[in-house]
Each structure stands twice: as structure tokens, then as C-alpha cells.
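Here's the structure we're looking at; comments come further down.
The values are calculated or read from the model by the stated rules, or taken from the named source; none is laboratory data. In this text, all values refer to a predicted model and were calculated from it rather than measured experimentally. Every residue, glycine as well, gets a Cβ built from its backbone with ideal geometry; the counts of neighbours run over all protein chains shown. Remember, those area values only see protein heavy atoms, side chains included, never the ligands or the DNA or RNA. Shrake-Rupley method; radii C 1.70, N 1.55, O 1.52, S 1.80 Å.
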Amino acid sequence: AGFSGGILDGKVGPKGKLATREFQRAKGLPVSGALDDATSAALGIDPDKALATYAVQAADLEQLGPVPKTWPEKAKLARLAYPTLDELLAEKFHCTRALLGQLNPGKDAAALKPGESLTVPAVAEAPPITPAEALRVNLSEKVIRALGKNGEVVALFHCSIAADKEKLPSGQATVIVISENPAYTFDPKMWPDVKDVTQKLTIPPGPRNPVGLCWIGLSLSGYGMHGTPTPEMIGKTGSHGCFRLTNWDAVRLAKMVRIGTPVAFTAAPSGKAAAKR
């Protein structure tokens, strides 16, 4: 329905509850955060169709490749691919590798061959793209809300924010660039923990690029919304300042915005922010 509950891990957690509350609010349902009967009916939930069987394709294995540990070694490659098959499959089905293991006891998802199958979450096709008239980033909740023509929430995305609180933005910005499959300019000045690089490097594109599969640049210098090479860490670890999403959410968000889409930042919980509007 467009309201992300975060990466699928088979557990009921705060991200899923928040997404459920947003969906309930958008549909005029009692806001509880629980998948009650009315909410399940509105979502069209069918528990018997929650899982699917997927056969590994030769094309999946073609997307694998080395991911060196050092920045100079990464810069020498043409693409930063998925290092293992289980990482590719987990991202394809929006879930953790641990969940793949739970759904497939006795199978090593990293060692499957073309034609071999496994049970996966039945991830639906991407929701219909509803243009976002504005974005609102809630720093306390670590979420990005996409707003429709009348200010209604039409999509929700979880994100990581700056680990350094002094780097958290405030006020307003706009989208100034949208780039899928971007390269990344590694500037050692922005990475003080890296001691062995003294000049800027161009890091090749790919799903394990530092900004993942999509970059949405903002009018605040150096800030953007982007994908990630580590989807399981969204909302758990801080960024260098940007807003980091799973690759699949970043790509979907990029299709909803345009150059000039306004972006607002708030630190207030959503209930208080809504009361002020």
C-alpha cells in the first residue's frame, strides 16, 4: 500500500506498527498500530499467500561479484555487485538473511544453483507511483513521509539519519538531482576514520556502492536521500549526514519526486507535528 514497515524479519516491531498506524490514519480507520480485522480487510491480507517459492536464476548469479574492503580497491572495479547470493536474494525479497534461513531450514541460500528453489516472502509488485508534492523528514522517528496534493500522507519510508546530531538539518530544502545507479565520490575529508586515502576516489555504481542504487540530492550542500549497501542496518546505525534507505525504497521514492520537490525537516513526533499544522 506504499507504507513501508521496514525490512521483513518475521517479527512484529516498531517500524511495522508505525507503518500500520499511518495506513490506518490514511484510510480513516481506528489508529491502533495493530493488524485488526478492519485493517486486514482494507489491506486485502490473505495469510495463505504470504509466502512464495522462488527458483534461482542464472541471471541472479551474474549479479554477484567481489566487494573489496579498502576504498582504493573498490575504486578499481567497474561495479560493486552483491558479494553473495543470499544477500541478493534477501534484497530481492525485502527481508533479512536470517528470515531466509528460518523459512528454509537445512538450505544454504548462499550456495544455491540455478533451478534450485527456496521459500521467500511473497513481495508484491511495487505500489503504484503516486507523485509526492512534498516530503517531510521526521528526525525523531527516522522516517520520510511523502505528501499528496492535499497534504495527506501517501507513502512512508524508514531511514537512517546522521550519527552526529550537529549534522542534522532543519528547516526547508528542495530536491535538486535524481540519479539512479550512481557512482560515488569518496572524499577522505568526509571520512576522518579512514587513514590510508589522501585523495578523492570515484567509487563505481552498484548495489554495494555507499549510496546504493539511487541518489536524491538536496539543496543543502552535501545532503541527500539514498540507498545503502547494508539494508539490515537502516534505522539502527547513523549515517555521515544523509538519509539512508533500503535500495528498493530509495528507488521507489525517486520515482515519486521531481526536481524542485520541497523537503521539510522536523524533530517533533508525528502526533505533535500534526497538531501544529
Mean residue ellipticity at 222 nm from the helices of the chain, using -39,500 (n - 2.57) per DSSP H segment of n ≥ 4 over the full residue count, to the nearest 500 deg cm²/dmol? -6000 deg cm²/dmol
Expressed in square angstrom to the nearest 10, the accessible area of Asp37 with a 1.4 Å probe stands at 140 Å²
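Could you state, as a whole-number percent, how many of the C-alpha pairs of the chain are farther apart than 23 Å? Display every interim value, and only then the final one.
On the way: 21553 of 38226 pairs.
Tail of the P(r) past 23 Å holds 56 percent of the pairs.
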Centre separation in Å (Cα based) which lies between the stretch 69-84 and the stretch 139-156: 34 Å
Theoretical gain in end-to-end length, Ala52 to Leu29 [0.36 nm per residue, Cα-Cα removed]: 5.3 nm
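What number, in percent, do you get for the relative contact order of the stretch 56-160 if the mean sequence gap of Cα pairs under 8 Å and at least 6 apart is divided by its residue count? Before the final figure, lay out each step's value.
On the way: 122 pairs, mean separation 18.3, N = 105.
The value is 17 percent.
Rank these residues by their accessible area, most exposed first, probe 1.4 Å: Arg252, Arg145.
Arg252, Arg145
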Can you sort Ser179, Ser160 by 1.4 Å-probe accessible area, starting with the largest? Ser179, Ser160
Which of Lys17/Lys142; Lys142/Lys236; Lys74/Lys195; Lys76/Lys255; Lys15/Lys236 have a Cα-Cα distance over 20 Å? Lys76/Lys255
Arrange the peptides 15-28, 52-65 so that the one whose residues have, on average, the most other Cβ atoms within 10 Å appears first. 15-28, 52-65
What order, most packed first, do the peptides 72-79, 194-201 have when packing is the mean number of other Cβ atoms within 10 Å of each residue? 72-79, 194-201
Can you sort Met233, Met256 by solvent-accessible area, 1.4 Å probe, largest first? Met233, Met256
